[in-house]
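The structure appears below as structure tokens.
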Amino acid sequence: MDRRESLKALALGTLSVGTILSATGCEDKKTTGEKKAGNAQGYGRTPDEAERDKALTEEKFFTPEEMKTITILADIIIPADEHSGSASDAKVPEFIEFIVKDIPEHKLPMRGGLRWLDVQCAKRYNKSFAECSPEQRIAVVDLIAYPEKAAPENSQGVAFFNRMRNLTATGFFTSKIGIKDLGYIGNTPNEWDGVPADVLKQYGYAYDEKTLATCLKIEDRGKIMTWD
Amino acid sequence: MAFEIKKQAKLYDVCIVGSGAGGGMAAKILSEAGLKVALLEAGPKYDPADPEQATQLKWPYESPRRGASTTRAFGDFDAAYGGWQIDGEPYTKKNGTEFDWFRSRMLGGRTNHWGRISLRFGERDFKHKSYDGLGDDWPISYQDVAPYYDRVDKLIGVFGSKENLPNEPDGFFLPPPKPRMHELMVKRAGEKMGLPVIPARLSILTRSVNKDRSPCFYCSQCNRGCTVYGDFSSSSVLVKPAMKSGHVDLYTNAMVREVLTDDSGKATGVAYIDKADMQEYSVNARVVVLAASACESARLLLNSKSAKHPNGLANSSGVVGKYLHDSTGASRGGFIPALMDRKRYNEDGVGGMHLYIPWWGDNKKLDFARGYHIEMGGGMHMPSYGYGFGMENMNGKYPGRDGKPKAAGGYGASLKDDYRRYFGAHIGFAGRGECIAREDNYCEIDPNVVDKYGIPVLRFHYTWSDHEVKQAKHMQDTFEQLIVEMGGVPSGTKPGEDTKYGLENPGRIIHEVGTTRMGDNPATSVLNKFNQAHEVKNLFVVDGGAFVSQADKNPTWTILALSMRASEYIVDQLKKQNI
């Protein structure tokens with residue numbers, strides 16, 4: 001059962017969400033295969049918005065050299081680990097290329113920051129950041145990755161790295177890989193019947209009698225409300 | 001082609017301008033009474049169930065900007081078409097004052113994305129001048145409106161709980177959803193502080209009210225518009241059924257220029273621009289109902305000048321545009337260390353808070369006149385653009401998994417783990433309070449500026465008084481106490497006097513009302529107590545413009561109740577041939 005059919009079933013109001021979810025068990029493979037028809041972008045764009053998206057996608061901001069550095073930095077910030085892939089596995093560099101065009105206030109600090117980084121590497125190693133060895137790169141990153149410990153002369157680098165960290169993290173944790181890693185499990189038809197009992201217990205809470213008496217009995221969810 | 005104004009051939013009983021809460025309700029009531037209705041909307045058709053327009057259940061990665069607010073003020077997936085600025089439709093501000101005007105140009109208007117907070121005004125809210133001497137009393141009382149609130153509750157659906165609180169009238173509620181984890185923590189903390197923390201009152205169907213709409217399936221995305229109509233928006237819940245009657249002709253992309261009048265001064269219809277062909281048209285009707293939003297309706301009246309109405313239509317008093325007021329708003333966030341490393345479960349719930357805090361204070365003992373309610377947010381939300389920003393301000397303050405302090409910022413596997421650890425451990429509070437309506441807060445026609453249709457635009461003048469600033473200070477003190485009482489750490493620095501305690505610009509809360517206020521005295525009000533213009537008997541305004549005072553409530557439920565009441569009055573007056 002695909003998502004739209006699930007919704008239709010919900011609309012009928014007879015099936016419980018639990019039934020639908022256990023009956024499908026095919027959320028992932030169905031949704032990845034399914035491309036929304038019609039609207040080019042497939043996420044409810046108005047014609048003006050779709051046109052803007054298209055124009056931004058066709059435009060190129062970063063040079064291939066800059067993209068290479070962004071990719072290396074992104075994977076230093078979010079590497080692959082036992083839970084999930086790396087920033088570049090989640091296409092974070094592509095996201096950064098798009099977002100600086102979409103929110104142009106990122107453009108100059110990103111371009112200038114990348115250049116700042118290359119100049120630091122050139123002074124130390126006579127090479128660009130991308131040309132440096134992994135050890136040399138980390139040595140330079142360590143100068144700017146810890147805002148409270150960084151030397152005052154590196155403050156511009158700290159500002160750049162903060163921005164790079166923010167964009168990398170946001171790009172990663174809004175990707176399919178990142179959302180799974182984070183453990184966000186909503187955005188799907190559900191029947192909210194309160195905080196799980198073990199979680200309530202963990203924090204020392206319980207639903208009091210008044211709350212239980214007042215709140216929705218989940219089995220009534222499909223019944224039309226009457227007051228008289 | 002000659003530049004001409006084309007007349008729509010049909011003569012309507014009623015022409016309604018605007019399809020939001022006020023206009024949608026008017027279209028439903030008037031069409032059900034068998035009247036022929038022209039409903040004009042300045043934006044396109046919108047149906048949240050239309051796959052071309054739907055954003056519900058989309059993932060952040062389906063948007064290349066991951067839901068950022070670049071093109072839509074409240075993010076890519078928000079249902080509102082429009083925003084704080086609309087290309088080609090400017091507005092201006094006077095004497096260095098601030099006002100931000102949110103316009104949503106689409107069927108259903110701003111009801112498509114609003115917070116669904118559906119609060120009745122209480123007895124005191126209609127008679128506040130009698131209580132504290134400030135502002136003005138309404139010409140009607142709670143008892144006049146209560147039967148309409150009752151009907152709106154049953155027609156549209158609102159969850160809540162009977163609480164018997166003074167000035168927070170109970171209604172015909174659907175059962176509320178159980179509180180989320182952070183909401184239980186707020187309840188415990190709030191009750192220690194003597195605050196009432198009670199189930200929210202939102203127009204979301206925990207149980208359905210009719211066969212055309214399905215109950216909520218808990219995706220927490222009401223602001224995106226609901227594909228099963230499980231929440232209230234005027235487009236889905238009022239206009240759609242009204243269209244089925246066959247008595248309503250919907251004109252979309254119809255930007256109304258002015259109200260037309262005859263030599264006797266009566267309204268005869270409206271002139272509009274069809275945005276599709278950019279031609280000028282007129283619609284004729286026996287009754288004109290304005291529901292274009294408080295400021296847009298005032299703009300229409302002020303722009304409808306004639307020999308009979310040299311000061312703008314229905315404006316001999318000069319009151320049109322005055323007494324503009326928006327809710328106050330201030331907010332603060334915090335971090336709850338106890339909620340680090342949370343067990344994961346689907347905590348989406350309904351599209352908004354499950355609990356809220358109505359005003360509890362006694363203003364006679366405080367240094368500001370009117371109250372506010374507190375809204376709250378938190379929990380394990382779907383991440384979108386901005387998620388994870390500012391970790392360098394967080395992860396140096398709390399020990400790592402090994403119990404040892406960490407250096408703020410960083411990179412690598414250890415940083416990656418921090419984002420997991422902090423997920424769902426934040427809380428946010430926002431106050432929404434009453435601003436006292438004043439004559440010197442107003443919108444007027446800018447003498448020098450027109451929009452791309454050649455329509456003169458609005459110019460705003462708005463300042464906060466000490467009452468609002470001191471109220472914001474009280475909000476900040478309360479938010480901080482709540483966060484600390486929860487065992488949390490307030491984020492950033494506490495907003496102080498230099499920022500008016502974080503008090504948002506006027507307009508930001510999108511509750512602007514009062515510009516065509518009702519009253520018994522035609523010299524100090526625009527409308528009578530049935531939303532009918534004192535000077536033009538066949539002209540009505542059924543949006544927030546009619547409000548004498550905004551309470552510490554959200555205005556939509558009162559707009560709906562008053563529009564229902566005014567619409568039935570129109571039917572009655574037409575029958576009696578009084579208009």
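The values are calculated or read from the model by the stated rules, or taken from the named source; none is laboratory data. What you see is a predicted model; the values in this text were computed from it and never measured. All Cβ positions, glycine included, derive from the backbone under ideal geometry; neighbour counts span all protein chains shown.
Numbers below:
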{"read-out": "Failed item, numbered, when residue B:354 is tested on (1) within 9 Å of chain A (Cβ to nearest Cβ); (2) closer than 23 Å to residue A:180 by Cβ; (3) touching a helix residue (DSSP H, G or I) at 6+ places or on another chain (Cβ under 7 Å)", "value": "(2)"}
{"read-out": "Any hit, the stretch B:318-333, residues being within 30 Å of residue B:136 (Cα to Cα), without any contact (Cβ under 8 Å) to a residue 40 or more places away in the chain and either not acidic (Asp, Glu) or not in a loop (DSSP other than H, G, I, E, B) (or both)", "value": "yes"}
{"read-out": "Counted residues, the stretch A:80-129 - those being more than 9 Å from every other protein chain (Cβ to nearest Cβ), of a type in the set (A, V, I, L, M, F, W, C) and not in a loop (DSSP other than H, G, I, E, B)", "value": "11"}
{"read-out": "Condition broken by residue B:310, with the remaining ones in (1) without any contact (Cβ under 8 Å) to a residue 24 or more places away in the chain; (2) in contact with a Leu (Cβ under 7 Å, 6 or more places away or on another chain) satisfied", "value": "(2)"}
{"read-out": "Contacts under 9 angstrom Cβ, first residue in the stretch B:262-274 being basic (Lys, Arg), partner not in a loop (DSSP other than H, G, I, E, B), 6 or more apart", "value": "B:266/B:539"}
{"read-out": "Search result, residues across the stretch A:175-187 that are within 7 Å of another protein chain (Cβ to nearest Cβ) and either surrounded by fewer than 19 Cβ atoms within 10 Å (Cβ to Cβ) or modelled with pLDDT under 95 (or both)", "value": "A:176, A:183, A:185"}
{"read-out": "Unmet criterion (only one of (1) crowded, with 19+ Cβ neighbours inside 10 Å; (2) out of contact with any strand residue (DSSP E or B) (no Cβ under 6 Å at 6 or more places or on another chain); (3) more than 12 Å from residue B:332 (Cβ to Cβ)) for residue B:520", "value": "(1)"}
{"read-out": "In the stretch A:206-228, the residues that are of a type in the set (Asp, Glu) and at the interface with another protein chain (Cβ under 9 Å from one of its Cβ atoms)", "value": "A:220"}
{"read-out": "Unique match (being of a type in the set (Val, Ile, Thr) and surrounded by 17 or more Cβ atoms within 10 Å (Cβ to Cβ)) among A:92, A:119", "value": "A:92"}
{"read-out": "Residue within the stretch A:156-174 that is closer than 30 Å to residue A:67 by Cα, more than 24 Å from the chain's Cα centre (by Cα) and more than 7 Å from chain B (Cβ to nearest Cβ) present", "value": "yes"}
{"read-out": "Odd one out for residue B:165 among (1) surrounded by fewer than 20 Cβ atoms within 10 Å (Cβ to Cβ); (2) at the interface with another protein chain (Cβ under 10 Å from one of its Cβ atoms)", "value": "(2)"}
{"read-out": "Pair list, Cβ under 7 Å, 6 or more apart: the stretch B:387-401 residue within 9 Å of chain A (Cβ to nearest Cβ) and on the phi > 0 side of the Ramachandran plot, other residue β-branched (Val, Ile, Thr) and surrounded by 13 or more Cβ atoms within 10 Å (Cβ to Cβ)", "value": "B:388/A:170"}
{"read-out": "Selection status of residue B:423, more than 10 Å from chain A (Cβ to nearest Cβ) and crowded, with 17+ Cβ neighbours inside 10 Å", "value": "no"}
{"read-out": "Search result, residues across the stretch A:196-212 that are surrounded by 11 or more Cβ atoms within 10 Å (Cβ to Cβ) and within 21 Å of residue B:207 (Cβ to Cβ)", "value": "A:207, A:211, A:212"}
{"read-out": "Residue match in the stretch B:104-111 (condition: modelled with pLDDT of 95 or more, surrounded by fewer than 24 Cβ atoms within 10 Å (Cβ to Cβ) and closer than 27 Å to residue B:445 by Cβ)", "value": "yes"}
{"read-out": "Residue among B:434, B:439, B:444 that alone is out of contact with any strand residue (DSSP E or B) (no Cβ under 8 Å at 6 or more places or on another chain), within 30 Å of residue B:299 (Cα to Cα) and modelled with pLDDT of 95 or more", "value": "B:439"}
{"read-out": "Leading residue by the ranking (nearest to the other protein chains (Cβ to nearest Cβ)) among those in the stretch B:168-195 that are crowded, with 20+ Cβ neighbours inside 10 Å and more than 22 Å from residue A:213 (Cβ to Cβ)", "value": "B:182"}
{"read-out": "Qualifying helices (runs of 4 or more DSSP H) (wholly inside the stretch A:148-206; at least 1 residues being hydrophobic (A, V, I, L, M, F, W, C) and touching a residue at least 40 places away in the same chain (Cβ under 8 Å))", "value": "A:155-173, A:176-182"}
{"read-out": "Residues of the stretch B:198-246 satisfying the condition of being among the hydroxyl-bearing types (Ser, Thr, Tyr) and away from chain A (no Cβ under 14 Å)", "value": "B:233, B:234, B:235, B:245"}
{"read-out": "The stretch B:30-76, subset in a helix (DSSP H, G or I) and crowded, with 24+ Cβ neighbours inside 10 Å, residue farthest from the other protein chains (Cβ to nearest Cβ)", "value": "B:30"}
{"read-out": "Qualifying positions in the stretch B:433-471 - among the β-branched types (Val, Ile, Thr) and over 28 Å from residue B:375 (Cα atoms)", "value": "B:445, B:449, B:450, B:455, B:457"}
{"read-out": "Test for residue A:61: is it touching a residue at least 24 places away in the same chain (Cβ under 8 Å), away from every other protein chain (no Cβ under 11 Å), aromatic (Phe, Trp, Tyr) and surrounded by fewer than 19 Cβ atoms within 10 Å (Cβ to Cβ)", "value": "yes"}
{"read-out": "Test set (1) of a type outside the set (Asp, Glu); (2) over 30 Å from residue B:440 (Cβ atoms); (3) in a loop (DSSP other than H, G, I, E, B); (4) in the same structural domain as residue B:182 (by TED's automatic domain parsing) - residue B:356 fails condition number", "value": "(3)"}
{"read-out": "Matching residues, the stretch A:130-139, being assigned to a helix (DSSP H, G or I) and under 27 Å from the mean Cα position of the chain (by Cα)", "value": "A:134, A:137, A:138"}
{"read-out": "Criterion violated by residue B:413 - all others in (1) out of contact with any Leu (no Cβ under 9 Å at 6 or more places or on another chain); (2) of a type in the set (A, V, I, L, M, F, W, C); (3) crowded, with 17+ Cβ neighbours inside 10 Å; (4) closer than 30 Å to residue A:141 by Cα satisfied", "value": "(3)"}
{"read-out": "The stretch B:365-386, residues that are of a type in the set (Lys, Arg) and either within 14 Å of another protein chain (Cβ to nearest Cβ) or free of Cβ contacts under 8 Å to residues at least 12 places away in the same chain (or both)", "value": "B:365"}
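Residue by residue, here is whether (1) surrounded by fewer than 16 Cβ atoms within 10 Å (Cβ to Cβ); (2) over 25 Å from the mean Cα position of the chain (by Cα); (3) not hydroxyl-bearing (Ser, Thr, Tyr) holds:
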position	(1), (2), (3)
B:452	yes, yes, yes
B:457	no, no, yes
B:466	yes, no, yes
B:475	no, no, yes
